[in-house]
């Protein structure tokens, strides 16, 4: 009942006494109170009760209002998408007023007289009529608008999140298809795992209403190039290239003994295995090569070797002279005719006339290689073979008993541009399979596949291969920078590089990649007697230990990828003399590489001109980077060649390496 509508009720004495007794327990009525006094008191009490009832209703309304505001504000506070600090502060003020009003209500239940009741009623009325209650409806409207904005943001989040499961699914499907054709998808697989984890994290945060960090997580997802149409297109292109190069062709070049007319006879066979839907090829041909032509090619190889030595000498003398002029800021050495960026420059050095490096080659090294490669290709490859190689992209495995000639460097003219020479090893993955009296061991590793494990060995018992040490360190630093926690690397150097250490490394199926930079020795008559030159056990500096190829073949466990940048000890550097390639090591080096292949290694990279310089280190870095990306090792080799040739166009470091083994193997 509202106070304005209150009418004085009619009481008899008994009803008046009962009302007053119920409300006030009759503490202020005397026994001699007259009937009019009692009835007047009852009428005042009834008016008080009407006012009290009205204020109780108002209190309940205020409580419901606070609860409504609380319900509006809680989702906003929980999501933390929109700032509601001001609204929370105003709600706290209203809640304080409400708490005080409820306390006054409780107090009104225990008043002892009308005077006291009137005072408490005024306090309660003042609390419930505070001006802040009048702004509560505006507060509710403000919160509703913010809820609408929040719902729009959440809807946008839902839309953004909803596209990612499809993107991840498409990426996963593309990767599964790429795996079947050995396409390079290791980086894509790492990206898939990252995206899978992030999408799950985003979805979980969204489902639990934890929107505070959702924008940042979605922004991280949006940075992924997977959203770009070119990403899956690039995987498809990689798949197509891998499908081309997973197809293998075998090229056999078998040389018969020199006949009485000094003619070399070769049987040449190009063959491929049958595939579903197509038959393999089997092209056989014979060719004759007079010894004079073959000797001319060997002279070219000798010229190349001498030119490499001259480049190493210039590198050495240039760096030494600069170091003497600027001992605190020595300029990094560069090879013959090159600046650090690979551009041609003129080098004027005061080299003594009697120096073995004083003569200048009459022809550019790459021109020498082109001439040699073109001649070999025309003579050994029949028209039918040339047509197949030109028209059919595939990997090529060469098996030959003529180890002297650089078969990988055969080249042909581009039909679209006759001025362009295409080297076989730059156009397709190429590897050699050594011929010998052993079958390669097909050892299946029992070790669980995890992060690729690298063993980098620097063996220099004579202390005269400083750049080999730099090469190993460069490889280590580059792998750690590019691949971080995705690879494990161990370096064994100097006195640690002993026979005992290598015994343990080879016998344990621990390493996926073994890189050796250091000394070696070669035996052309018996490859088993070639080997690596290591530090002897003990502290005696310069003492050497021979580690034979036969021992490598018999000890090797597992199926590692091996990289040998091994230089004969007679052609290495010291503080007064530059390193020399010295020999064209195609034939003797094969014996050492064969030991690893026949021991079970999936591949072995050997250097036919052992070179320790910046391009050589870069070659190894690019090769390993391509291998870790998931390229087949033959393709990794091809890409590294192309990169170094592009960076150092006037050098032939790109041509200094040969891959033995299966070019289609993936690490």
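Put simply, of 189, 157 the only residue that is closer than 30 Å to residue 394 by Cβ, in a helix (DSSP H, G or I) and touching a helix residue (DSSP H, G or I) at 6+ places or on another chain (Cβ under 9 Å) is 189. For segment 437-450, does any single residue satisfy the condition of being at pLDDT below 85 and either touching a strand residue (DSSP E or B) at 6+ places or on another chain (Cβ under 8 Å) or not in a loop (DSSP other than H, G, I, E, B) (or both)? There is no residue in segment 437-450 that is at pLDDT below 85 and either touching a strand residue (DSSP E or B) at 6+ places or on another chain (Cβ under 8 Å) or not in a loop (DSSP other than H, G, I, E, B) (or both). Could you tell me whether segment 139-146 includes any residue that is assigned to a loop (DSSP other than H, G, I, E, B), over 39 Å from the mean Cα position of the chain (by Cα) and without any contact (Cβ under 8 Å) to a residue 24 or more places away in the chain? Within segment 139-146, not a single residue is assigned to a loop (DSSP other than H, G, I, E, B), over 39 Å from the mean Cα position of the chain (by Cα) and without any contact (Cβ under 8 Å) to a residue 24 or more places away in the chain.
Mind checking whether some residue in segment 398-419 is in a strand (DSSP E or B), touching a helix residue (DSSP H, G or I) at 6+ places or on another chain (Cβ under 8 Å) and within 19 Å of residue 254 (Cβ to Cβ)? There is at least one residue in segment 398-419 that is in a strand (DSSP E or B), touching a helix residue (DSSP H, G or I) at 6+ places or on another chain (Cβ under 8 Å) and within 19 Å of residue 254 (Cβ to Cβ). Evaluation of residue 80 against the conditions (1) at negative phi; (2) in contact (Cβ under 8 Å) with a residue 12 or more places away in the chain shows that the sole unmet condition is (1). As a summary of the residue check, residue 500 satisfies the conditions (1) under 15 Å from residue 592 (Cα atoms); (2) without any contact (Cβ under 8 Å) to a residue 40 or more places away in the chain except for the one numbered (1). The set of residues from segment 230-263 being in contact with a strand residue (DSSP E or B) (Cβ under 8 Å, 6 or more places away or on another chain) and touching a residue at least 60 places away in the same chain (Cβ under 8 Å) comprises 245, 246, 247, 248, 249, 250, 251, 252, 253, 254, 255.
Just one of the listed residues (465, 479, 532) is at negative phi, at pLDDT 85 or above and within 33 Å of the chain's Cα centre (by Cα), namely 479.
Within segment 460-481, identify whether any single residue is in contact with a helix residue (DSSP H, G or I) (Cβ under 9 Å, 6 or more places away or on another chain) and either outside the structural domain of residue 605 (by TED's automatic domain parsing) or in a strand (DSSP E or B) (or both), and answer yes or no. No: zero hits.
Take the conditions (1) under 23 Å from residue 606 (Cβ atoms); (2) in contact with a helix residue (DSSP H, G or I) (Cβ under 7 Å, 6 or more places away or on another chain); residue 510 misses just one of them, which is (2).
Of the residues 566, 573, the single one that is surrounded by 17 or more Cβ atoms within 10 Å (Cβ to Cβ), at pLDDT 50 or above and under 22 Å from residue 304 (Cβ atoms) is 566.
Scanning segment 201-215 for residues that are in a helix (DSSP H, G or I) and surrounded by 13 or more Cβ atoms within 10 Å (Cβ to Cβ) returns 201, 202, 203, 205, 206, 214, 215. Please determine whether any residue of segment 162-183 is closer than 21 Å to residue 221 by Cβ and over 23 Å from the mean Cα position of the chain (by Cα). So far as segment 162-183 goes, yes, one or more of its residues are closer than 21 Å to residue 221 by Cβ and over 23 Å from the mean Cα position of the chain (by Cα).
Just give me the residues in segment 215-229 being under 16 Å from the mean Cα position of the chain (by Cα) and without any contact (Cβ under 8 Å) to a residue 24 or more places away in the chain, in sequence order. 223, 225 - these are the residues of segment 215-229 that are under 16 Å from the mean Cα position of the chain (by Cα) and without any contact (Cβ under 8 Å) to a residue 24 or more places away in the chain. Just a yes or no: is a residue in segment 496-503 surrounded by 13 or more Cβ atoms within 10 Å (Cβ to Cβ) and farther than 26 Å from residue 547 by Cα? No: zero hits. Among the residues making up segment 508-529, those that are assigned to a strand (DSSP E or B) and more than 15 Å from residue 548 (Cβ to Cβ) are 513, 514, 515, 517, 518. Checking each residue in segment 398-427 for being within 32 Å of the chain's Cα centre (by Cα) and crowded, with 22+ Cβ neighbours inside 10 Å picks out 408, 423, 424, 425. In a residue-by-residue description of segment 116-136, the property of being over 30 Å from residue 51 (Cβ atoms) and surrounded by fewer than 18 Cβ atoms within 10 Å (Cβ to Cβ) applies to no position. Looking at segment 10-109, the helices (runs of 4 or more DSSP H) lying wholly inside it that each contain 1 or more residues that are under 24 Å from residue 139 (Cβ atoms) and modelled with pLDDT of 85 or more sit at 35-79, 85-108.
Let's see how each residue does on (1) modelled with pLDDT under 90; (2) farther than 19 Å from residue 641 by Cβ:
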{"position": "386", "(1), (2)": "no, yes"}
{"position": "394", "(1), (2)": "no, no"}
{"position": "397", "(1), (2)": "no, no"}
{"position": "402", "(1), (2)": "yes, yes"}
{"position": "411", "(1), (2)": "no, no"}
{"position": "415", "(1), (2)": "yes, yes"}
{"position": "426", "(1), (2)": "no, no"}
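The values are calculated or read from the model by the stated rules, or taken from the named source; none is laboratory data. For clarity, every value in this text was computed on a predicted model and none was experimentally measured. Note that each Cβ is placed from the backbone with ideal geometry, even for glycine, and that neighbours are counted across all protein chains shown.
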